[in-house]
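Notes for the one structure printed next.
The values are calculated or read from the model by the stated rules, or taken from the named source; none is laboratory data. Quick caveat, the model's predicted, so the values are computed rather than measured. So basically every Cβ, Gly included, is an ideal-geometry build from the backbone, and we count neighbours across all protein chains shown. Remember, those area values only see protein heavy atoms, side chains included, never the ligands or the DNA or RNA. Shrake-Rupley method; radii C 1.70, N 1.55, O 1.52, S 1.80 Å.
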Amino acid sequence: MNTIAIVDYGMGNFHSVARALRAAAPEADIKICSTARELDQASRVVFPGQGAMPDCMRTLNESGLREAVVRAARDKPLLGVCVGEQMLFSHSEEGNTPCLDIFPGKVRRFDGPQYAAASQAAADQELLKVPHMGWNRVSQTRPHALWDGIADNTFFYFVHSYYAEPADHGLGVGETHYGVSFTCAIAAANIFAVQFHPEKSADDGLRLYRNFVTWNP
């Protein structure tokens with residue numbers, strides 16, 4: 001059976017992710033997992049996260065799941081979501097926090113008020129709010145199996161104050177604009193990760209989860 005482990009290290013909307021996955025793939029065995037053994041035994045891993053990066057990394061380390069996540073990232077289909085995507089990089093400006101360093105790159109904070117919404121006339125510019133919260137278009141910067149059936153420039157739901165800046169721009173498969181254009185989806189080998197929340201993104205979010213369940217990298 002296709003067993004999908006959702007990493008439960010105490011910092012994430014695990015139950016919302018589980019409900020979305022069960023709706024997208026009712027035939028799959030979806031488990032919220034809090035032990036390294038469960039992650040090692042799963043065929044696929046979803047790595048969500050929300051909250052402050054220092055707390056996420058501390059809790060992940062204390063949970064004993066850090067190395068199991070790293071092992072999964074080497075050889076299993078792995079989907080990172082929100083802070084789960086950010087944690088894959090080397091370092092975050094939030095709390096000057098070292099991350100998992102699976103991909104070289106840093107996590108930066110939106111500079112907020114110095115940026116103005118590009119869609120507004122210069123005479124009527126409105127300063128952007130941080131956190132970035134709401135629906136934004138995602139431009140698919142290169143093809144990928146997880147985009148199957150999802151139109152380019154589809155809206156997905158975001159809630160974040162920080163965003164990943166990969167050292168290798170070739171990692172990017174999706175980009176959105178909020179004051180600045182930033183990479184919001186990355187992919188390499190068996191890993192796909194997104195800044196937005198598929199579980200909060202209606203039918204297209206469910207389609208992305210469904211694509212992950214059937215993806216054979």
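Before moving on, here are some points about what is shown:
- Test for Gly112: is it modelled with pLDDT under 95, more than 19 Å from Thr35 (Cβ to Cβ) and open to solvent by less than 30 Å² (accessible area, probe 1.4 Å): yes
- Of residues in region 1-34 being under 14 Å from Glu199 (Cβ atoms) and polar (S, T, N, Q), the one least open to solvent (accessible area, probe 1.4 Å): Asn13
- The numbered conditions (1) closer than 14 Å to Ile150 by Cβ; (2) in a helix (DSSP H, G or I); (3) touching a helix residue (DSSP H, G or I) at 6+ places or on another chain (Cβ under 7 Å) are all true for Phe192 except (2).
- Among residues of region 166-201, those that are touching a residue at least 40 places away in the same chain (Cβ under 8 Å), more than 27 Å from Arg71 (Cβ to Cβ) and open to solvent by 10 Å² or more (accessible area, probe 1.4 Å), counted: 5
- Leading residue by the ranking (nearest to Gly205 (Cα to Cα)) among those in region 54-110 that are under 15 Å from the mean Cα position of the chain (by Cα), in contact (Cβ under 8 Å) with a residue 60 or more places away in the chain and in a loop (DSSP other than H, G, I, E, B): Cys82
- Look at (1) surrounded by fewer than 18 Cβ atoms within 10 Å (Cβ to Cβ); (2) at pLDDT 95 or above and you find that Leu79 fails only one, number (1).
- Gly51 meets each of the listed conditions (1) assigned to a loop (DSSP other than H, G, I, E, B); (2) surrounded by 18 or more Cβ atoms within 10 Å (Cβ to Cβ) apart from (2).
- Tally of residues being free of Cβ contacts under 8 Å to residues at least 40 places away in the same chain and open to solvent by 50 Å² or more (accessible area, probe 1.4 Å) across region 152-162: 2
- Within region 35-48, the set of residues being within 18 Å of Leu21 (Cα to Cα) and surrounded by fewer than 16 Cβ atoms within 10 Å (Cβ to Cβ) comprises just one member, Ser43.
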